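Engineer: Quick one: structure below, then a few questions.
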Amino acid sequence: MSDHIPHVSVIFPVYQEETTLEQCLGDAVRVLKEGGVDFEIIAVDDGSKDRSLQVLRDLQQSLPHLKVVHHLYNRGYGSALRTGIRVARGEIVLLMDADGQHLAADIPLLLEHLPPYDLVIGYRTANYRGRWYRNFGNRVFNALSSWLAKFEIKDLTSGFRAMRRTAVEHFLPLYPNGFSASATSTLVFLKAGYNVLYVPIHVQPRKQGNSKVNLFKDGWRFLAIILRMVMLYDPMRIFMPLAGILSLLALAAWGLGIWAAGRLLIPNSATLLFLMALIAVLMGLLSSQIASTRIHYFGDESLVIYETPGGDPRS
Ligand code: UDP
Ligand code: MG
């Protein structure tokens, strides 16, 4: 590869996608060329056991922009992304599935808003029909994370996204190996104060093979990741509502105890619940002390500045 630094690095994590690679990569290259984008493509073969690596090596003959990185064994989606971002040199990294679910035609939509946004996520609109239980799970996670992050998260786990490379590099150590990587980056960008934008995209059903996402295994991970990422930046957002609920339960237990006994007393259940609420408050205070010692303000989020009254905005 030359010393030329491209503007955009498009990263494809690849695990057993031998049949879709040629079209996915070909479409992306065509759209990027048509848009006059200065780009490179990075395909990370995540230890596929099919012919994916060979297909990628063959594609390099016709696609000079393509860099292929190989994992010696399957390490997971997030791990493949970490590798891709590490190798990328573009100012912007764009992440895209290699199974044909994401359309190259939507790439300009994501790139258009960077800057002033630091992370642009393509969200799957209602016309996308995945399995019903997955849609339901996604909705629950979107609602919970939106409330915790105080931002309308339209699609927590969508993998089709573009971001400023230097910004995401701050958070690479937090990236998990598996599918919760997308949720992690959404939440840390929001919580660390970067500019996040959602744009609607067209998601296709998977053309072949099966999704490697497992509702139960990955579902629990998503929940754990939501709580962990919010805990890193804003633990009170979790502990205070918990303390509130426990206090209400304690009051209810107390009231019921008095009503049932017909005289003033404090039932054991109420004492226990009050204690639990107190512990939640104290844990929250302690956690926010810990969070504040490790929160880092990088001060590199994109800004829109008006230099003189009525002047042109600069981003
Ligand atoms: N992938 C990967 N390593 C894995 C599992 C998946 O690199 O261990 C890749 C896969 O080839 C695809 C992308 O990550 O390009 C998303 O995976 P998948 O389509 O299974 O997830 P879904 O779209 O169902 O969320
Ligand atoms: Mg997919």
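The values are calculated or read from the model by the stated rules, or taken from the named source; none is laboratory data. The model shown is predicted, which means the values in this text are computed figures rather than measured ones. Virtual Cβ from ideal backbone geometry, glycine too; neighbours counted across all protein chains shown. The area values use the complete protein model at the heavy-atom level, side chains included, leaving out ligands, DNA and RNA. Shrake-Rupley method; radii C 1.70, N 1.55, O 1.52, S 1.80 Å.
Engineer: Would you confirm whether any residue within the range 163-174 is more than 11 Å from the chain's Cα centre (by Cα) and within 16 Å of ligand 2 (Cβ to nearest atom)?
Structural biologist: Among the residues of the range 163-174, not one is more than 11 Å from the chain's Cα centre (by Cα) and within 16 Å of ligand 2 (Cβ to nearest atom), which makes the answer no.
Engineer: Test of understanding: among Thr83, Thr20, which residue is hydroxyl-bearing (Ser, Thr, Tyr) and away from ligand 2 (no atom under 16 Å from the Cβ)? It would help to see each step written out before you state the result.
Structural biologist: Details: Thr20 fails: away from ligand 2 (no atom under 16 Å from the Cβ).
Thr83 is the lone residue from the list that is hydroxyl-bearing (Ser, Thr, Tyr) and away from ligand 2 (no atom under 16 Å from the Cβ).
Engineer: Same structure, new question: Looking only at the range 168-187, filter to residues that are among the small types (Gly, Ala, Ser) and within 12 Å of ligand 1 (Cβ to nearest atom); which one of those is nearest to Ala105 (Cα to Cα)?
Structural biologist: Filtering the range 168-187 for residues that are among the small types (Gly, Ala, Ser) and within 12 Å of ligand 1 (Cβ to nearest atom), the one nearest to Ala105 (Cα to Cα) comes out as Ser182.
Engineer: Does Leu282 satisfy the criteria of being assigned to a helix (DSSP H, G or I) and open to solvent by 80 Å² or more (accessible area, probe 1.4 Å)?
Structural biologist: On the way: assigned to a helix (DSSP H, G or I): yes; open to solvent by 80 Å² or more (accessible area, probe 1.4 Å): yes.
Yes: the conditions hold for Leu282.
Engineer: Let me ask something else. Kindly state which helices (runs of 4 or more DSSP H) lie completely within the range 1-91 and contain at least 3 residues that are surrounded by 20 or more Cβ atoms within 10 Å (Cβ to Cβ) and small (Gly, Ala, Ser). Even if it seems obvious, please write down each step before you answer.
Structural biologist: Working: elements: 21-34, 52-62, 77-87.
Result: 77-87.
Engineer: Please pick out the residue among Leu109, Leu114 that is assigned to a helix (DSSP H, G or I) and in contact with a strand residue (DSSP E or B) (Cβ under 8 Å, 6 or more places away or on another chain).
Structural biologist: Criteria check complete, one pass: Leu109.
Engineer: With respect to the numbered conditions (1) open to solvent by 30 Å² or more (accessible area, probe 1.4 Å); (2) within 16 Å of ligand 2 (Cβ to nearest atom); (3) free of Cβ contacts under 8 Å to residues at least 40 places away in the same chain, which one is the sole condition not fulfilled by Asp97?
Structural biologist: (3)
Engineer: Scan the range 149-167 and give yes if some residue there is out of contact with any strand residue (DSSP E or B) (no Cβ under 6 Å at 6 or more places or on another chain), of a type in the set (Val, Ile, Thr), touching a residue at least 60 places away in the same chain (Cβ under 8 Å) and within 26 Å of Ala104 (Cα to Cα), otherwise no.
Structural biologist: Among the residues of the range 149-167, at least one is out of contact with any strand residue (DSSP E or B) (no Cβ under 6 Å at 6 or more places or on another chain), of a type in the set (Val, Ile, Thr), touching a residue at least 60 places away in the same chain (Cβ under 8 Å) and within 26 Å of Ala104 (Cα to Cα), which makes the answer yes.
Engineer: Looking at the range 55-82, which of the residues that are in contact (Cβ under 8 Å) with a residue 60 or more places away in the chain and touching a Leu at 6+ places or on another chain (Cβ under 9 Å) is nearest to ligand 1 (Cβ to nearest atom)? Step through it out loud before you land on a result.
Structural biologist: Looking only at the range 55-82, we keep the residues that are in contact (Cβ under 8 Å) with a residue 60 or more places away in the chain, and these are 67, 75-82.
Now narrow it down to the ones that are touching a Leu at 6+ places or on another chain (Cβ under 9 Å): 81-82.
Details: Leu81: 8, Arg82: 11 Å.
It comes out as Leu81.
Engineer: Report, by residue number, each residue of the range 214-268 that is within 16 Å of ligand 1 (Cβ to nearest atom) and open to solvent by less than 40 Å² (accessible area, probe 1.4 Å).
Structural biologist: Asp218, Gly219, Phe222, Ile225 - these are the residues of the range 214-268 that are within 16 Å of ligand 1 (Cβ to nearest atom) and open to solvent by less than 40 Å² (accessible area, probe 1.4 Å).
Engineer: Let me ask another. Out of curiosity, is Ser52 more than 9 Å from ligand 1 (Cβ to nearest atom) and among the polar types (S, T, N, Q)?
Structural biologist: Values: more than 9 Å from ligand 1 (Cβ to nearest atom): no; among the polar types (S, T, N, Q): yes.
Spelling it out, it is not the case that Ser52 is more than 9 Å from ligand 1 (Cβ to nearest atom) and among the polar types (S, T, N, Q).
Engineer: Working carefully through the options Thr125, Thr184, find the one that is in contact with a Phe, Trp or Tyr (Cβ under 8 Å, 6 or more places away or on another chain) and not aromatic (Phe, Trp, Tyr).
Structural biologist: Details: Thr125 fails: in contact with a Phe, Trp or Tyr (Cβ under 8 Å, 6 or more places away or on another chain).
Just a single option satisfies the conditions, and that option is Thr184.
Engineer: Could you identify the single residue in Gly137, Gly122 that is within 16 Å of ligand 1 (Cβ to nearest atom), of a type outside the set (A, V, I, L, M), buried (at least 23 other Cβ atoms within 10 Å of the Cβ) and touching a residue at least 40 places away in the same chain (Cβ under 8 Å)?
Structural biologist: Working: Gly137 fails: buried (at least 23 other Cβ atoms within 10 Å of the Cβ).
Every option except Gly122 fails the conditions.
Engineer: Against the condition closer than 16 Å to Ile41 by Cα, of a type in the set (Asp, Glu) and open to solvent by 10 Å² or more (accessible area, probe 1.4 Å), how does Glu112 come out, does it pass?
Structural biologist: Working: closer than 16 Å to Ile41 by Cα: no; of a type in the set (Asp, Glu): yes; open to solvent by 10 Å² or more (accessible area, probe 1.4 Å): yes.
For Glu112, the condition - closer than 16 Å to Ile41 by Cα, of a type in the set (Asp, Glu) and open to solvent by 10 Å² or more (accessible area, probe 1.4 Å) - is not met.
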